[in-house]
Amino acid sequence: MAKKLHILKLEEDFDFILLGIFCAYRDYRLCFEVNRKLEVSMERQSDLELKMEKKGSSCLFPVFSCNTTDEEFYFIIGNKGSNGYFAPEMKQVDYFLMIRNYSRYSVIEDIANQLKELKIVSSVIEIDVSQLKSAENFLLLESA
């Protein structure tokens with residue numbers, strides 16, 4: 001009798017929207033402007049520590065978050081940390097805006113256009129998370 005082999009495949013569920021923000025200003029200044037423009041109240045959280053590929057090294061990344069009235073969770077995370085990049089394949093992006101529990105009342109294009117209106121923001125791009133090698137890093141962000 002032949003043995004049956006069962007293989008368990010786990011696929012990550014990236015149930016969030018991700019925007020890349022190009023901005024030469026400091027993280028607290030960007031969050032101040034985003035708070036005013038999007039009418040949210042992001043606050044600084046503890047830095048996120050991420051183990052890097054080099055054995056024994058880690059990197060700290062600044063994180064800001066808030067919970068909106070529609071129960072959406074907004075996160076801004078700096079791509080450039082103390083010792084590397086949060087998403088190394090996206091080195092040109094300065095910050096990421098991640099929106100979890102995305103509401104049907106929010107339109108991603110409207111959010112991107114509002115961010116583009118900020119004088120300190122050079123550009124904003126929508127990112128397909130499933131195409132990122134480092135997509136699992138975004139799952140480490142906890143709800144505010």
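Overview of results
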quantity: Subset tally (residues that are at pLDDT 95 or above and in contact with a Ser or Thr (Cβ under 8 Å, 6 or more places away or on another chain)) for region 98-133; calculated: 1
quantity: Any hit, region 83-97, residues being of a type in the set (Ser, Thr, Tyr) and either assigned to a loop (DSSP other than H, G, I, E, B) or loosely packed, with under 14 Cβ neighbours inside 10 Å (or both); calculated: no
quantity: Residue check, Glu136 modelled with pLDDT of 90 or more, part of a helix (DSSP H, G or I), among the acidic types (Asp, Glu) and surrounded by fewer than 13 Cβ atoms within 10 Å (Cβ to Cβ); calculated: no
quantity: Which listed residue is surrounded by fewer than 18 Cβ atoms within 10 Å (Cβ to Cβ) and over 14 Å from the mean Cα position of the chain (by Cα), from Lys80, Lys37; calculated: Lys37
quantity: Meets criteria (among the aliphatic types (A, V, I, L, M) and closer than 18 Å to Lys133 by Cβ) for Met90; calculated: yes
quantity: Among (1) closer than 20 Å to Asp15 by Cβ; (2) surrounded by 13 or more Cβ atoms within 10 Å (Cβ to Cβ), the one test that Leu115 misses; calculated: (1)
quantity: Yes/no for Arg44 being out of contact with any strand residue (DSSP E or B) (no Cβ under 7 Å at 6 or more places or on another chain) and among the charged types (D, E, K, R); calculated: no
quantity: Scope region 31-45; condition free of Cβ contacts under 8 Å to residues at least 40 places away in the same chain and either in contact with a Pro (Cβ under 6 Å, 6 or more places away or on another chain) or of a type in the set (A, V, I, L, M) (or both); matching residues; calculated: Val40, Met42
quantity: Boolean, Val124 is farther than 19 Å from Asn137 by Cβ and free of Cβ contacts under 8 Å to residues at least 24 places away in the same chain; calculated: no
quantity: Number of the condition not met by Glu71 [criteria: (1) acidic (Asp, Glu); (2) within 16 Å of Ile17 (Cα to Cα); (3) in a helix (DSSP H, G or I)]; calculated: (3)
quantity: Unmet requirement for Glu33, which otherwise passes all of (1) over 24 Å from Ser134 (Cα atoms); (2) assigned to a loop (DSSP other than H, G, I, E, B); (3) modelled with pLDDT of 90 or more; (4) not β-branched (Val, Ile, Thr); calculated: (2)
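The values are calculated or read from the model by the stated rules, or taken from the named source; none is laboratory data. For clarity, every value in this text was computed on a predicted model and none was experimentally measured. Note: ideal-geometry Cβ built from the backbone for every residue, glycine included; neighbour counts use all protein chains shown.
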